[in-house]
Amino acid sequence: MSREAQWEVVIGLETHAQLQTRSKIFSGAATAFGAEPNRQACAVDIALPGVLPVLNREAVVCAIKFGLAVGAQIAPRSIFARKNYFYPDLPKGYQISQYEIPVVLGGGVAIKVSPDGTPREKIVRLTRAHLEEDAGKSLHEDFHGKTGIDLNRAGTPLLEIVTEPDMSSSAEAVAYAKALHSLVTWIGICDGNMQEGSFRCDANVSVRRPGEPLGTRREIKNLNSFRFLQQAIDYEIQWQINEIEEGRKIQQATVLFNPDTGETRAMRSKEDAHDYRYFPDPDLLPLEITPAWIDEVKSGLPELPGAMRARFERDFGLNAYDAEVLTDELAKARYFETAVAGAGAANAKLCANWVMGEIASRLNAEQREFAQLPVSAAQLAGVVARIADGTISNKMAREVFDALWNGEAADADTVIAARGLKQVSDASAIEPIIEEVLAANPKSVEEFRAGKEKAFNALVGQIMKTTKGKANPQQVNDLLRRKLGA
Amino acid sequence: MSLTPDEVRRIARLARLEISAEETDRTREQLNGILAFIEQLQAVDTAGVEPMAHAMDIVQRLRSDAVTEPDRREAFQAIAPETEAGLYLVPKVIE
Amino acid sequence: MIDSSLKQLSAALAGKQVSAAELATVFLERIERLNPTINAFVTIDRDRTLAQARAADERRAQGERAPLLGVPLAHKDIFCTEGWLTTCGSKMLANFVSPYDAHVVSRFKAAGAVMLGKLNMDEFAMGSSNETSHFGPVKNPWDLDRVPGGSSGGSAASVAARLTPAATGTDTGGSIRQPAALCGLTGLKPTYGVCSRFGMIAFASSLDQAGPMTRSAEDSALMLNAMAGYDERDSTSLQRPPEDYGRDLDKPLAGLRIGLPREFFGSGMDDDVRAAVEAALNEYRKLGATTVEVGLPNSGLSVPAYYVIAPAEASSNLSRFDGVRYGHRAAEYGDLVEMYCKSRAEGFGAEVKRRILIGTYVLSHGYYDAYYLKAQKIRRLIATDFQRAFEQCDVIMGPTAPSVAFRFGEKSADPVQMYLSDIYTIAVNLAGLPGMSIPCGFGAHGMPVGLQVIGPWFGEAKMLNVAHQYQQGTDWHARMPEGVK
């Protein structure tokens, strides 16, 4: 029995998703990323005396959207509480969060797992999601041995999404984090920018021998990439197993992951922070969310990826893989659908191939997002339609697409006409050329008759060359075989 | 309920208030006096009573998502104990 | 002029019998002469006050007409005032120049009132005698050896000594009404939510409320008209149509039902206070009112419940004073934690620290349910008592404070004895109701006694009517202390 098999790993994630609002959750300061230090920190954000919080409606809308997207309960009345602790990036000495009654309760996120090599779906259950404010940033560069505090981020709205301890490996944790990331960006509540800290995870990790009660957990803070999430959890699992095997007990702790060393270590600043003295914030009243408001938000919510995936398989006959890849991002899915609408459902597979192939690789090469695609879905539909009706070959299509990408024309037909790319499918035009080529290449004809398939391809090549690539390759094939009596 | 000197020190630490050894006893005595006074609440039967956190039973008003606050860094930092390059400075924070 | 009411001053300004600048000068000179004795003002700035007065005169010259245009008044130093020191009676904020105005302050500015200065107070409004101020105690103008009450002691003493015709105060557990009673003034704590708390430095957020401190009910109505009003920056500010709080002043009181809580008339109050309150009730009967005994069975729990809730909220509200962004920072410290602990220990006085510690304790792990939650449930019981009582009466009356102003040092050694000074006022804050104190005679040592009037939610206009009618037939509110004549 391997060492890993003797241990069960239990992981729960707490994810902080920064909500896409223009202003902060409790103040009218801007939330834009990258401003000069403390230029987006108003009196409320820096907690000057006498100032008060007022809740941003849009942050609540984001929470409702999320609750709907994960099939959770949305609390008709939720409460904001103060979490009290002293830290220089926490100007009030407390964080406004939700404690006893959060805005979103329950729900789940589906992930694909394959612990034994067989892929299957697993639902990671959510405990809750609550609204809270972000803290500022401590900058540890050396200011004469001091720390600098930038409060621009203080008060940025966050949705903290907490799972049940449902994941049993770093791979599952990453699968969940990716699914969640795709969901929050899909419904437009978070920009998902992990480098800027818009989406960051805390992982609660513990290990136990099968059948034993849950082990003591350690919480790894602030993991801002999927790779770090994986590395940190893997390191932590090994560390905990080692500790226990060497006879030491795991102490509950908050730890930081150091990407340079790949190790985790306990945070010193959290040593005495266990007594947060939560109580309802007297400056904020209960948040009421009516069924009518939920309905209003629901009507503005995009079709969710799961539903869209099923529909693509059903209506367009796509396989499960294609449907999944096409729905991992809303902009991509919408693009695909618009293209299909233009090119016809019968050409959905062709559209899918273009979106997942040519377009994906070009975007990747140019480090661009779907939203910045220079070729519109309608333009792609025009290209696909001309492939489907035989006007152009795939090779020509790429040339047309390239022209559209570079903005040389408004639609495929214009490019085709301008470059004379129209494929020749008229037998009476192709046949004389075949005759000509056969007459000029008796050797190849002989070889083919002797059974060399390669010689056939050489002949096709000659014919295509003579037609300057405009002959319909399929038709050339058919006619040539007939001529050769094959 | 009576506080021990250790508890007084723990609470003072939580509240980030330095209290000297001499102050601890006197503080403890006064806090215990106040705690004894509020202890009478324990005798009241409050079964089934909804806690009252606010003076009025109204719900949170919501603000529209608009940026209304201009940058006032210079004014705000004019009253700060120590700043540099637009940052508030504090003793080195060890995470 | 110094003994004129706001209404008279307003008329004199409107009739061009006096200019705002002349009026401000009269009061500034009086402040300069008498404040060293009374210690009611902590900040005055002659030039800026006169600039404001001249601006008001200019506005009047441009044709503007408003009841408070050019009228001088002063603010409790708990209200943020842009460009002026705002200390909250604390060393912590001894150098804090506010970058903005409190909502209440900006309302008065808009109304054209002229600010004479900032008024002394118990540190962070925690106290009932003004002895906790970092800037020294305020003296009661009726007897300089006695306290003016607190926490709005500077407001009360300044109006009683005619250093200002009116002042603002704040009331968390009685901080307007108790000093009003002890200094012989009319003080009104409105319904929670009527005045915005924006820019009013928080003590206990669910209880704090601003209100006027004046000599007469009529002046309080004028002040409240300016102070009250919806403010989108305060989530607890109530959205209600504006009202004229003086609209009912002249209504007769025939048929008024006055509730007398039996719990307020027990053994708790001194005989001199009882005699003055009883006499006032007889006046009301003469004015056509009837009295009915009502019960507030849980009101006896209001002080202990308050001393859980208020310190809990305060402990959290005062966490922002950490020496990082403004306020006092210790001169010497090692690490971050030491900077916090020393800055806060040096910046806060003893009573503030006591309340922070109590509040921290009652919220801490394992004690929340036993103390904080329990106190909130008792708060509900107290509020429900009032609701029931108001089914039988229009207003409730009783003493404001159990005794007349006490001597300095008399109660400061025992915090709990001091807390009991607010035994009749605290329940009103817990229930969020409007409460008022009006002068109703003099007790032992010739010190003023206050009659408390409590109304149902939004009963301010009715209460001012009740007070005004009494003040039409009595002159307690018009008396001036000998020493400041």
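Take the conditions in contact with a helix residue (DSSP H, G or I) (Cβ under 7 Å, 6 or more places away or on another chain) and not in a loop (DSSP other than H, G, I, E, B) and apply them to B:Arg16. Does it pass?
No: the conditions fail for B:Arg16.
Can you confirm whether C:Glu482 is open to solvent by 30 Å² or more (accessible area, probe 1.4 Å) and away from chain B (no Cβ under 14 Å)?
yes
Mind telling me which of the residues C:Ala444, C:Ala467 ends up being in contact with a helix residue (DSSP H, G or I) (Cβ under 8 Å, 6 or more places away or on another chain) and open to solvent by 10 Å² or more (accessible area, probe 1.4 Å)?
Matching residue, one of C:Ala444, C:Ala467: C:Ala444.
Using the structure shown, decide if C:Gln239 is open to solvent by 10 Å² or more (accessible area, probe 1.4 Å) and among the polar types (S, T, N, Q). Write out each step before concluding.
Values: open to solvent by 10 Å² or more (accessible area, probe 1.4 Å): yes; among the polar types (S, T, N, Q): yes.
So C:Gln239 passes the test.
I'd like to know if segment C:125-136 contains one or more residues that are among the charged types (D, E, K, R), open to solvent by 10 Å² or more (accessible area, probe 1.4 Å) and over 20 Å from A:Ala43 (Cβ atoms).
Yes, segment C:125-136 has at least one match.
Evaluate the following for C:Ser421: is it under 20 Å from C:Ala157 (Cβ atoms), modelled with pLDDT under 95 and open to solvent by 10 Å² or more (accessible area, probe 1.4 Å)?
no
Limited to segment B:40-64, what total is found for residues that are open to solvent by less than 50 Å² (accessible area, probe 1.4 Å) and within 15 Å of C:Ala383 (Cα to Cα)?
8
Scan segment C:312-323 and report the pairs whose first residue is closer than 10 Å to A:Asn84 by Cβ and free of Cβ contacts under 8 Å to residues at least 60 places away in the same chain and whose second residue is part of a helix (DSSP H, G or I) and open to solvent by less than 10 Å² (accessible area, probe 1.4 Å), with Cβ atoms within less than 7 Å and a gap of 6+ or a chain change.
The qualifying pairs are C:Ser315/C:Ile356; C:Ser315/C:Gly359; C:Ser315/C:Thr360; C:Ser315/C:Leu363.
Would you kindly identify the strands (runs of 3 or more DSSP E) lying entirely within segment A:90-205 that contain at least 2 residues that are in contact with a helix residue (DSSP H, G or I) (Cβ under 8 Å, 6 or more places away or on another chain)?
Hits in segment A:90-205: A:108-113, A:120-133, A:157-163.
Listed residues A:Gly155, A:Gly136, A:Gly107, A:Gly148; which is crowded, with 17+ Cβ neighbours inside 10 Å and more than 23 Å from A:Glu196 (Cα to Cα)? Steps first, answer last, please.
Working: A:Gly155 fails: more than 23 Å from A:Glu196 (Cα to Cα); A:Gly136 fails: more than 23 Å from A:Glu196 (Cα to Cα); A:Gly148 fails: more than 23 Å from A:Glu196 (Cα to Cα).
From the options A:Gly155, A:Gly136, A:Gly107, A:Gly148, the qualifying one is A:Gly107.
Considering A:Ala17, A:Ala43, A:Ala63, A:Ala69, which residue is within 11 Å of chain C (Cβ to nearest Cβ), modelled with pLDDT of 95 or more and crowded, with 20+ Cβ neighbours inside 10 Å? Steps first, answer last, please.
On the way: A:Ala17 fails: within 11 Å of chain C (Cβ to nearest Cβ); A:Ala63 fails: within 11 Å of chain C (Cβ to nearest Cβ); A:Ala69 fails: within 11 Å of chain C (Cβ to nearest Cβ).
A:Ala43 is the lone residue from the list that is within 11 Å of chain C (Cβ to nearest Cβ), modelled with pLDDT of 95 or more and crowded, with 20+ Cβ neighbours inside 10 Å.
Residue by residue through segment C:324-343, note down the ones that are touching a residue at least 12 places away in the same chain (Cβ under 8 Å) and among the hydroxyl-bearing types (Ser, Thr, Tyr).
Of everything in segment C:324-343, those that are touching a residue at least 12 places away in the same chain (Cβ under 8 Å) and among the hydroxyl-bearing types (Ser, Thr, Tyr) turn out to be C:Tyr326, C:Tyr340, C:Ser343.
Can you tell me which residues in segment C:338-367 are more than 7 Å from every other protein chain (Cβ to nearest Cβ) and either among the acidic types (Asp, Glu) or open to solvent by 20 Å² or more (accessible area, probe 1.4 Å) (or both)?
C:Glu338, C:Glu346, C:Gly349, C:Ala350, C:Glu351, C:Gly366, C:Tyr367
Restricting to segment A:386-402, what's the tally of residues that are buried (at least 20 other Cβ atoms within 10 Å of the Cβ) and part of a helix (DSSP H, G or I)?
Number of matching residues: 6.
Which residues, counting only those in segment C:286-305, are open to solvent by 10 Å² or more (accessible area, probe 1.4 Å) and either out of contact with any strand residue (DSSP E or B) (no Cβ under 7 Å at 6 or more places or on another chain) or within 12 Å of chain A (Cβ to nearest Cβ) (or both)?
Those that are open to solvent by 10 Å² or more (accessible area, probe 1.4 Å) and either out of contact with any strand residue (DSSP E or B) (no Cβ under 7 Å at 6 or more places or on another chain) or within 12 Å of chain A (Cβ to nearest Cβ) (or both): C:Lys286, C:Leu287, C:Gly288, C:Pro297, C:Asn298, C:Gly300, C:Leu301.
So, C:Asp414, is that one open to solvent by 10 Å² or more (accessible area, probe 1.4 Å) and either at pLDDT below 95 or among the hydroxyl-bearing types (Ser, Thr, Tyr) (or both) or not? Outline the logic, then answer.
Working: open to solvent by 10 Å² or more (accessible area, probe 1.4 Å): yes; either at pLDDT below 95 or among the hydroxyl-bearing types (Ser, Thr, Tyr) (or both): yes.
Yes, satisfied.
The values are calculated or read from the model by the stated rules, or taken from the named source; none is laboratory data. All figures in this text were calculated on a predicted structure; none of them were measured in a lab. Quick reminder, even Gly has a Cβ in these numbers, built from the backbone with ideal geometry, and neighbours come from all protein chains shown. Surface accessibility is based on the protein's heavy atoms, side chains included, excluding ligands, DNA and RNA. Shrake-Rupley method; radii C 1.70, N 1.55, O 1.52, S 1.80 Å.
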